[in-house]
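One structure is given below, encoded as structure tokens.
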Amino acid sequence: MKKKSILQGIYVVGIIGCLTIAGIYIFAGKTKYFSEQENRYLTTLREISWKGITDGSVQEQLDKFASDQFPLRNQWMELSTTLEKGMGNSCINGIYLGKDGYYLEQVLNSDISQTRYENNLTMLQQFLSKKNGRKAVMLVPSRGCILKDKLPKWAVMYEDADMYEKGYSMLKHSWIDLRAYMQQAAKENQVYFRTDHHWTLQGAYTAYTVLEKQWEGKTTPYESFSPTEVSKDFLGTMYAKVLEKNPKKDCLEVPKALPQNLKVTCDGETRQSIYEEEKLQGNDKYAVYFGGNYGIVEMENPQAKAGTLLVIKDSFANSFVPLLTENYKKIVMLDLRYYNLSVQKVLEENAGADILVLYEMSNFAKEENLHKLLD
């Protein structure tokens, strides 16, 4: 009995000692500002105020700070994932561990505000009603709604059928429903990455053919874009939330047969190419397209015959729009999350442009910046 008490005491002292050392490391050690592994900025300490203490924001900040700055954080996350999998848990940090190495983000009905979604559709309807060029709205199906065969048997995803019906009822001929096309393409090709929320080049090409057929009445073969493998070890944003041992890596392809003398400007800075290949050396390899997300990206192709295309988008457009560069003299991409100058000025400068609205469905439903199109 005495020996057992001694062992219990050693265990308690050991735990307290480890936590004390970790606490000293967290608050006295060097603060990390960015996680390459998770591709996000980490929580840092801000000025503490009495108001923050009383409303609980300081406590919340300290909790996130301790979690983000915990020593050997990635190794602990990897261990945690191994233990949870061992206990039969197939949903870790909001990510379903699906079949064939697929990770699928858990998006529930409770995560989607139908009111915000309908408000966003209304703002889009008002915006498009004032435009004269060709118009298309493509909301990319969430991967869990297309790859249902990859989900764990008990997994639950939000219902998107009513959302697509509502979109069509409000936007009519501008509305393009990609679900059937993506489902068919997924039977023959990999249209989403295994560990990232984005679509592959094959997925983007599937949507491109739908738009091209509707607007141009034709389709361009996939091989015409010279799809080229630029990475064999692609791991995406969802892997960073799970950190599973031995994940299935993907090949990352980009279209290389793009117009010569294409001029690319990102937030006013001229680039030599659509691609920033140094990004392939980091963890966010999808950022090979343009180097990431910007408020405004402009592309000019002096060899094209057609006019201007304006794209209202999220990051899914980054791998999609290069496929359109052959068709337009000018393409302007606006990411309303990051563009804080006058949107109306951009619209006036590109009056009469064709308009494409391209978002992933759940991203669009949560978008808080569409009012900028009307302000």
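Taking a point 7 Å from the Cα of LYS366 along the Cα-to-Cβ direction, the residues of the range 118-145 with backbone N closer than 19 Å to it are 118-121, 139-145. Counted by Cβ distance under 13 Å from GLU269, the other residues give a net charge of -1, where Lys and Arg count +1 and Asp and Glu count -1. According to the calculation over all Cα-Cα pairs in the range 196-284, the P(r) per 5 Å bin from zero is 3, 11, 17, 19, 19, 16, 9, 5, 1, 0 %.
Over 23 Å between C-alpha atoms is what I'm after, so list which of LYS99/LYS232; LYS148/LYS213; LYS150/LYS249; LYS172/LYS330 land there.
On the way: LYS99/LYS232 20 Å; LYS148/LYS213 27 Å; LYS150/LYS249 16 Å; LYS172/LYS330 27 Å.
Over 23 Å apart, Cα to Cα: LYS148/LYS213; LYS172/LYS330.
Sparse packing (at most 10 other Cβ atoms within 10 Å of the Cβ) combined with a DSSP loop state is found for the following trypsin sites (Lys or Arg not before Pro) in the range 255-316: LYS305.
Over the range 140-242, what number does the Rg to Rh ratio reach, with both radii from the alpha-carbon atoms and Rh per Kirkwood? Before the final figure, lay out each step's value.
Details: Rg = 15.4 Å, Rh = 15.5 Å.
Ratio of gyration radius to Kirkwood radius: 0.99.
Summarise the accessible area of the range 299-357 (1.4 Å probe, protein heavy atoms) by the percent that is carbon and sulfur. Carbon-and-sulfur percentage of accessible area, whole number: 48.
The base-10 log of I(q)/I(0) for the range 272-375, evaluated at q = 0.10 Å⁻¹, reads -0.29 [Debye formula, identical scatterers on Cα atoms, solvent excluded].
Summary of the geometry: the range 242-257 and the range 339-363, compared by the centres of their Cα atoms, lie 31 Å apart. Can you give the log10 of the normalised intensity I(q)/I(0) at q = 0.11, 0.13, 0.14 Å⁻¹, computed with Debye over equal Cα scatterers of the range 85-190? Once normalised to I(0) and log-transformed, intensities are -0.45, -0.60, -0.67.
Dividing the alpha-carbon radius of gyration of the range 255-313 by 2.2 N^0.38 Å (N being the number of residues), what value is obtained? Kindly include the intermediate steps, with their values, before the conclusion.
Numbers: Rg = 12.3 Å, N = 59, 2.2 N^0.38 = 10.4 Å.
Scaled against compact globular proteins, the figure is 1.19.
Using packing as a proxy for protection, rank 345-351, 142-148 so that the peptide with the highest average count of other Cβ atoms within 10 Å comes first. Write down the numbers at each step before the final one.
Values: 345-351: 13.7, 142-148: 22.1.
The most tightly packed comes first, giving 142-148, 345-351.
For the range 222-375, the solvent-accessible area works out to 43 Å² per residue, with a probe of 1.4 Å and every protein chain left in place. Modelled this way, with points 7 Å down the Cα-to-C-beta line, the labels at GLU269 and GLU349 are 1.8 nm from one another.
The values are calculated or read from the model by the stated rules, or taken from the named source; none is laboratory data. These numbers were taken from a predicted model, which means no experiment stands behind them. When we count neighbours, we look across all protein chains shown, and the Cβ atoms used for this are built from the backbone with ideal geometry, even at glycine. Areas reflect the complete protein model, heavy atoms only, side chains present, ligands, DNA and RNA absent. Shrake-Rupley method; radii C 1.70, N 1.55, O 1.52, S 1.80 Å.
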